[in-house]
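Below is one structure, written out as structure tokens, with a few remarks after it.
The values are calculated or read from the model by the stated rules, or taken from the named source; none is laboratory data. Note that this is a predicted model, so its numbers are computed, not measured. All Cβ positions, even for glycine, are placed from backbone atoms using ideal geometry, and neighbour counts span all protein chains on display.
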Amino acid sequence: MWPFSSKGPSGFSWYSTAEEVTQGLDGSGLTAIITGASSGIGAETARVLALRGVHVVMAIRNVASGNSVKEEILRETPSANIDVMEVDLSSMESIRKFASEYDSRKLPLNLLINNAGVMATPFMLSKDGIELQFATNHVGHFLLTHLLLENMKTTSRESQIEGRIVNVSSMGHRLAYREGICFDKINDQSGYMSMAAYGQSKLANILHANELSRILKEEGVDITANSLHPGSVISNLLRYHSFVDAIARTLGKPFLKNAQQGAATTCYVALHPQVKGVSGRYFDNSNLADPSSKAKDGELAKKLWDFSMESGDEGAMIWTIHGGIREESFCNRNRPHEADTIGCVVGR
Ligand SMILES: NC(=O)c1ccc[n+]([C@@H]2O[C@H](COP(=O)([O-])OP(=O)(O)OC[C@H]3O[C@@H](n4cnc5c(N)ncnc54)[C@H](OP(=O)(O)O)[C@@H]3O)[C@@H](O)[C@H]2O)c1
């Protein structure tokens, strides 16, 4: 690893900003979905990609904050092409609705930036009965990617431009539970540790990108999938820990990235020509980096894939909650926005 302040092989460093790593790049003709673009790293990613001419679709859960970020970007770049679309990544119903609306707008999709996230929340279950961090950070993005992949394949085929999927993970993936992913205890409150659960979900982001990359290579599809650590960035991520947040924003400030620096690696991986053809890799400070050994475990990646989606010829097994009972539902690939409950009761 090169010293903290000096440039890595890409020519960029810890200090580089998203504008710097995309200087001179032309993103016009590309369409990107950025989740969690209403705040922090996602908002800055939206601003800079829009500045580079990318048509940005901000996939956000709070439409009012999404619209105010959009207005700010338009004030600075009146020619920016930005849409705001609502999605709650902790709800499969909302994700299906989003994907269905996106399809009906007949928009292409070149770049999918899975950025939204929550960190170290108290134990909570999502509407679908899944531990909230795993639901939002991993399962929601897994399902979203699955539902948008056909569009991305068509777009890359027709445009002859490489598609890119970027999972915003974290070096916090190293703090995951000892087993990495606790497949049989994901939703158990006993033994829940908020940082380990965050680490687990961020480890899942890397494993998801790696396995997706392997599958896309096998299919010969011109879409890459990578993951990254954005750095330790001042943002709203510490919202559940106001004391630590206050310390970070004061004493920690000199050691933390601002949003401009925090969005650099995402914008680099999404847009830079140096990353063309690079897939299944992990980035930090806009350079290739080495994640934990668990994150490089191909068997674990496959297991997580199967756990997240029970693949068959026709579809995927996903969870839904009906009346407090978790059921497994069958999601048909030909009608991916519908979930037909097959009534296999798994538990409360
Ligand atoms: N900041 C860091 O130091 C750091 C370090 C490593 C990794 N990361 C990763 O970077 C990503 C961005 O985080 P950030 O630092 O920019 O934090 P942030 O300012 O809190 O932004 C998180 C974004 O995710 C959105 N979000 C949360 N839950 C959602 C849901 N259920 N559905 C849709 N959107 C949802 C938030 O929307 P609302 O505003 O509506 O809540 C917000 O727009 C996260 O994946 C995080 O894990 C951050």
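Numbers at a glance
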| read-out | value |
| --- | --- |
| Which listed residue is of a type outside the set (Lys, Arg), away from the ligand (no atom under 16 Å from the Cβ) and touching a residue at least 24 places away in the same chain (Cβ under 8 Å), from Leu271, Leu256 | Leu271 |
| Test result for Thr121, among the polar types (S, T, N, Q), in a loop (DSSP other than H, G, I, E, B) and in contact (Cβ under 8 Å) with a residue 60 or more places away in the chain | yes |
| Filter result for Phe123 (in the same structural domain as Ala204 (by TED's automatic domain parsing), within 12 Å of the ligand (Cβ to nearest atom) and in contact with a strand residue (DSSP E or B) (Cβ under 8 Å, 6 or more places away or on another chain)) | no |
| Ala263 under 30 Å from Gln160 (Cα atoms) and away from the ligand (no atom under 12 Å from the Cβ) | no |
| Options Ile161, Ile95: the member that is within 14 Å of the ligand (Cβ to nearest atom), among the β-branched types (Val, Ile, Thr) and modelled with pLDDT of 95 or more | Ile95 |
| Residue check for Thr250: of a type in the set (S, T, N, Q) and either in contact with a strand residue (DSSP E or B) (Cβ under 8 Å, 6 or more places away or on another chain) or within 13 Å of the ligand (Cβ to nearest atom) (or both) | no |
| Ser94, sole failed condition from (1) of a type in the set (Ser, Thr, Tyr); (2) in contact (Cβ under 8 Å) with a residue 60 or more places away in the chain; (3) in a helix (DSSP H, G or I); (4) under 30 Å from Met193 (Cα atoms) | (2) |
| Looking only at region 17-61, and only at residues there that are more than 9 Å from the ligand (Cβ to nearest atom) and basic (Lys, Arg), the one that is surrounded by the fewest Cβ atoms within 10 Å (Cβ to Cβ) | Arg52 |
| Any pair with Cβ under 9 angstrom, 6 or more apart, that starts in region 222-246 at a residue that is at negative phi and ends at one that is assigned to a strand (DSSP E or B) and within 6 Å of the ligand (Cβ to nearest atom) | Ser227/Val168; Leu228/Val168; His229/Val168; Pro230/Val168 |
| Residues within region 270-287 that are over 21 Å from Leu109 (Cβ atoms), buried (at least 18 other Cβ atoms within 10 Å of the Cβ) and among the polar types (S, T, N, Q), tallied | 3 |
| Members of region 182-214 that are more than 21 Å from Lys127 (Cα to Cα), away from the ligand (no atom under 16 Å from the Cβ) and touching a helix residue (DSSP H, G or I) at 6+ places or on another chain (Cβ under 8 Å) | Asn210, Glu211, Leu212, Arg214 |
| First in region 42-58 and among the charged types (D, E, K, R), second anywhere and assigned to a strand (DSSP E or B), Cβ under 9 Å, 6 or more apart | Arg47/Val56 |
| Unmet requirement for Lys7, which otherwise passes all of (1) more than 16 Å from the ligand (Cβ to nearest atom); (2) in a helix (DSSP H, G or I); (3) over 30 Å from Glu131 (Cβ atoms) | (2) |
| Flag if Ser232 is away from the ligand (no atom under 16 Å from the Cβ) and surrounded by 16 or more Cβ atoms within 10 Å (Cβ to Cβ) | no |
| Every residue from region 74-92 that is within 14 Å of the ligand (Cβ to nearest atom) and surrounded by 16 or more Cβ atoms within 10 Å (Cβ to Cβ) | Val84, Met85, Val87, Asp88, Leu89, Ser90, Ser91, Met92 |
